[in-house]
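Okay, structure first, notes after.
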Amino acid sequence: QVQLVESGGGLVQAGDSLRLSCAASGRTFSRIAMGWFRQAPGKEREFVAAIAWSGGNTYYADSVKGRFTISRVNAKNTVYLQMNSLKPDDTAVYYCAAATSLMKVTSKNPDYWGQGTQVTVSS
């Protein structure tokens with residue numbers, strides 16, 4: 001079992017940056033793949049980014065490539081999502097996710113979910 005707690009959301013203006021954090025507990029963090037998803041009002045939850053347990057492989061949705069960066073510090077059991085050049089379309093609840101394999105994250109079928117943190121980008 002893995003427990004995930006997100007933090008770092010908030011209200012920012014277009015063009016600003018924000019860093020989300022996700023603290024994990026309950027299972028050996030260094031051996032699980034992690035990812036971020038988001039869900040805007042009235043829309044389905046969508047994949048944002050994923051990172052392998054080693055941190056060596058990362059994947060991004062086309063809509064965030066070049067603006068968002070996912071990273072992890074296994075010693076701190078934490079994964080981050082650095083979001084730059086934010087746009088109003090990035091407004092959503094952002095969810096942290098964990099899985100026993102990277103494929104589960106990239107196929108939008110992780111094993112565990114966090115509760116989410118709200119990100120609002122004003123124009």
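The values are calculated or read from the model by the stated rules, or taken from the named source; none is laboratory data. All values reported here derive from a predicted model rather than from experimental measurement. Neighbour counts run over all protein chains shown; Cβ positions are idealised from the backbone, glycine included. Only protein heavy atoms, including side chains, enter the accessible area calculation; ligands, DNA and RNA are left aside. Shrake-Rupley method; radii C 1.70, N 1.55, O 1.52, S 1.80 Å.
The set of residues in segment 73-101 that are farther than 19 Å from residue 112 by Cα, hydroxyl-bearing (Ser, Thr, Tyr) and within 16 Å of the chain's Cα centre (by Cα) contains only 91. Hey, can you tell me all the residues within segment 46-62 that are in a strand (DSSP E or B) and either closer than 22 Å to residue 118 by Cβ or touching a Ser or Thr at 6+ places or on another chain (Cβ under 7 Å) (or both)? 46, 47, 48, 49, 50, 51, 59, 60 - these are the residues of segment 46-62 that are in a strand (DSSP E or B) and either closer than 22 Å to residue 118 by Cβ or touching a Ser or Thr at 6+ places or on another chain (Cβ under 7 Å) (or both). Exactly one residue out of 65, 104, 108, 43 is farther than 24 Å from residue 12 by Cβ, open to solvent by 60 Å² or more (accessible area, probe 1.4 Å) and in a loop (DSSP other than H, G, I, E, B): that is 108. Has segment 26-38 got at least one residue that is within 16 Å of residue 95 (Cα to Cα), under 13 Å from the mean Cα position of the chain (by Cα) and open to solvent by 50 Å² or more (accessible area, probe 1.4 Å)? No; the residues of segment 26-38 include none that is within 16 Å of residue 95 (Cα to Cα), under 13 Å from the mean Cα position of the chain (by Cα) and open to solvent by 50 Å² or more (accessible area, probe 1.4 Å). Determine whether segment 72-85 contains at least one residue that is open to solvent by 50 Å² or more (accessible area, probe 1.4 Å), in a strand (DSSP E or B) and touching a residue at least 12 places away in the same chain (Cβ under 8 Å). Yes: one or more hits.
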